[in-house]
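One structure is given here, and the rest of the page talks about it.
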Protein chains: 2
Amino acid sequence: MRIIKKIFKNSRSPEDGIFFDKLEKILGFKPNNLEHYKKAFTHRSMNKVDEEGNTVNYERLEFLGDAMLGSVIAAHLFNKVPRGDEGYLTKMRSKIVSREHLNELGKDFNLIQFVESKVSPKHFGENVHGNIFEAFIGAIYLDKGFSYCEKFIHKKIIKPYVDIDRLEGKVISYKSLLIEWCQKEKKSFHYEVYDDNGTGNLKHFGVKLHIDGKVVAKARATSKKKAEEIASKRGYFVFQSQIDMK
Amino acid sequence: MRIIKKIFKNSRSPEDGIFFDKLEKILGFKPNNLEHYKKAFTHRSMNKVDEEGNTVNYERLEFLGDAMLGSVIAAHLFNKVPRGDEGYLTKMRSKIVSREHLNELGKDFNLIQFVESKVSPKHFGENVHGNIFEAFIGAIYLDKGFSYCEKFIHKKIIKPYVDIDRLEGKVISYKSLLIEWCQKEKKSFHYEVYDDNGTGNLKHFGVKLHIDGKVVAKARATSKKKAEEIASKRGYFVFQSQIDMK
């Protein structure tokens with residue numbers, strides 16, 4: 001079995017091998033069929049068609065991914081917030097799958113690095129990030145089925161990004177929450193930018209949160225402010241039991 | 001194992017036993033947990049709450065079922081119509097899950113028979129049929145998971161009700177198509193109403209289509225016209241290879 005797998009792996013072109021490895025890192029599992037993902041990153045400007053003459057680009061997959069994302073988020077909210085009525089659930093889902101939020105996710109995964117296009121990514125507009133993110137979800141569904149798609153959305157989107165308290169407006173900023181607690185408890189703290197790379201749309205920041213001289217949380221995001229907020233949220237959960245007792 | 005099952009079955013109340021049997025007939029499989037389905041048929045006028053004080057009625061399940069239906073229909077259209085772009089897929093899905101269509105489905109399954117309410121079903125309004133139909137889909141998802149929910153939607157909704165040619169407006173009426181073919185081929189035909197029961201909103205018609213003295217198709221629907229059209233469609237597919245050659 002191992003040998004057969006090796007032969008298959010070797011039969012991949014070097015470009016596909018690199019694509020496979022990068023995908024696996026983002027997905028957290030091995031993709032089966034790279035073609036679905038290639039489609040998810042094909043811009044309409046490539047004017048690709050398949051053997052039957054059907055247009056090949058990421059727009060159809062966007063439709064599919066949007067639907068899968070919608071149903072997984074719906075089920076999550078349904079289970080997570082038993083007190084929320086239909087109106088509440090609808091509103092919360094809209095916030096989670098807002099164009100703005102999807103664009104952020106697409107950027108954070110840096111999916112644009114994979115896009116094949118005849119026009120420069122500069123001309124794509126901001127929404128391309130969210131669009132290819134949706135198409136990517138659609139590709140996962142086609143490649144591995146609903147339950148993988150659901151697992152991916154839970155592990156890579158809901159867990160790190162979906163914070164119901166924040167969406168409800170109960171917690172405006174974890175950073176201020178944490179700073180307040182540190183000051184009250186006389187703990188020293190500071191945020192350290194340890195990574196700052198990429199240019200323009202693809203800029204990325206890595207931030208470490210130190211409390212009493214120890215690194216308690218790290219986060220990466222597309223702005224320093226966002227990375228600090230995410231690190232603060234992670235730090236908050238480290239100390240939650242102590243903070244909530246105050 | 002058989003004995004254990006029997007004990008469990010016997011531990012059900014007589015009312016639950018009837019409910020279970022009726023549900024099984026509609027679902028095409030055995031439900032696991034009747035509570036989900038009971039919730040799907042609980043009207044807000046019952047003012048039910050659970051142990052935690054959360055409101056219990058079908059409205060939350062509507063939200064969940066709508067999402068599941070949306071994603072299953074999306075995947076079906078995506079696979080079925082490879083030539084359709086994002087705009088086409090979105091439009092077709094809206095037609096399939098239109099309020100009007102969902103109301104028809106709810107009526108055809110006669111789900112309203114299960115509804116628990118303190119107000120008379122007369123005061124529910126037309127949309128109650130579609131709403132409890134969505135809630136029912138939500139209950140299936142909770143009870144049996146996505147793949148059962150998907151199978152149910154394929155078997156009970158897509159296969160008998162979703163006709164892409166008709167939705168595209170290519171075929172206006174299978175009845176006229178079939179009559180035209182019968183006349184051309186000098187075949188005798190007639191539609192026989194063999195079942196006509198229920199009252200008001202719950203009226204049901206059964207129609208048999210006879211061609212050359214043989215019953216070639218049967219259908220049941222909420223109006224005679226609809227039942228004839230569905231029977232004609234089924235008849236059309238029986239003779240499709242002969243009809244298409246003309």
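Computed from the coordinates by the stated procedures, all read-outs in this text should not be read as laboratory data. For clarity, every value in this text was computed on a predicted model and none was experimentally measured. Neighbour counts are summed over all protein chains in view; Cβ atoms, including those assigned to glycine, are modelled from backbone coordinates with ideal geometry.
Per residue of A:64-76, other chain Cβ atoms within 10 Å of the residue Cβ number 6 on average.
Take the alpha carbon gyration tensor of the range A:138-246, find the square roots of its eigenvalues, order them as a ≥ b ≥ c, and report rounded if a/c is under 1.5; if not, report prolate when a/b exceeds b/c, else oblate.
Values: a/c = 2.49, a/b = 1.52, b/c = 1.63.
Cα axes put the range A:138-246 in the oblate bin.
In square nanometres and to one decimal, what's the mean projected area of the convex hull around the Cα atoms of the protein assembly as shown?
Numbers: hull surface 128.9 nm².
The directionally averaged projection comes out at 32.2 nm².
Quick note on the range B:96-198: its Rg to Rh ratio, both from C-alpha atoms and Rh being the Kirkwood radius, is 1.08. Taking a straight line from the alpha carbon of B:Lys186, these aspartates and glutamates sit under 18 Å away, with near neighbours fewer than eight places off in the same chain left out: B:Asp212, B:Asp244. Between this copy and the others, label points of B:Arg220 are 5.9 nm apart in ascending order, each placed 7 angstrom from Cα in the Cβ direction. Axis angle, to the nearest 10 degrees, between helix B:14-27 and the longest C-alpha principal axis of chain B: 30 degrees. On the basis of the beta-carbon distance and an R0 of 22 Å, A:Ser188 and A:Gln240 show a calculated FRET efficiency of 0.65.
Within the straight-line cut-off of under 18 Å between alpha carbons, the aspartates and glutamates reachable from B:Lys48 are A:Asp85, A:Glu86, B:Glu35, B:Glu59, B:Glu62, B:Glu116, sequence neighbours fewer than 8 places apart in one chain being disregarded. For chain B, the longest principal axis of the alpha carbon atoms and the long axis of helix B:174-184 meet at an angle near 30°. Classification of the range B:66-133 by its C-alpha gyration tensor yields a prolate form. The axis ratio a/c (a ≥ b ≥ c) is 1.5 or more, and a/b outweighs b/c. Using only the Cα atoms of the range B:9-72, build the gyration tensor, take square roots of its eigenvalues as a ≥ b ≥ c, and label the shape rounded, prolate or oblate: rounded if a/c is under 1.5, else prolate if a/b is larger than b/c, else oblate. In terms of gyration-tensor shape, oblate.
Note on B:77-83: average number of Cβ atoms from other chains within 10 Å of each residue's Cβ is 4.
Taking a Cβ cut-off of under 12 Å around A:Ala219, the surrounding Lys, Arg, Asp and Glu residues balance to a net charge of +4, with basic ones at +1 and acidic ones at -1. Note on A:Ser120 and B:Lys203: with the Förster distance fixed at 60 Å, the Cβ-Cβ geometry gives a FRET efficiency of about 0.45. Between A:Glu51 and A:Phe20, the FRET efficiency estimated from the beta carbon spacing at R0 = 22 angstrom works out to 0.40. Between A:Ser188, A:Ser45, A:Ser11, the GNM of chain A built on Cα springs shorter than 10 angstrom shows A:Ser11 fluctuating the most. In the calculated pair-distance distribution of the range B:2-168, the portion above 24 angstrom amounts to 39 percent of the Cα-Cα pairs. Normalising the average separation of contacting C-alpha pairs (under 8 angstrom, six or more residues apart) by the number of residues puts the relative contact order of the range B:2-168 at 30 percent. With respect to chain A, whose longest principal axis is taken over its alpha-carbon atoms, helix A:86-96 is tilted by about 80°.
Across chain B, the longest run free of exposed loop sites, meaning GluC sites (Glu not before Pro) lying outside DSSP classes H, G, I, E and B with no more than 15 other Cβ atoms within 10 Å, spans B:53-125. Please name whichever of B:Tyr236, B:Gly17, B:Tyr88 sits farthest to the positive end of the charge dipole of chain B, dipole taken about the Cα centre and charges placed at Cβ: Lys and Arg +1, Asp and Glu -1. The residue sitting farthest along the positive end of the dipole is B:Tyr236. Charging the Cβ of each Asp and Glu at -1 and of each Lys and Arg at +1, and nothing else, the dipole of the range A:2-168 about its Cα centre rounds to 660 debye.
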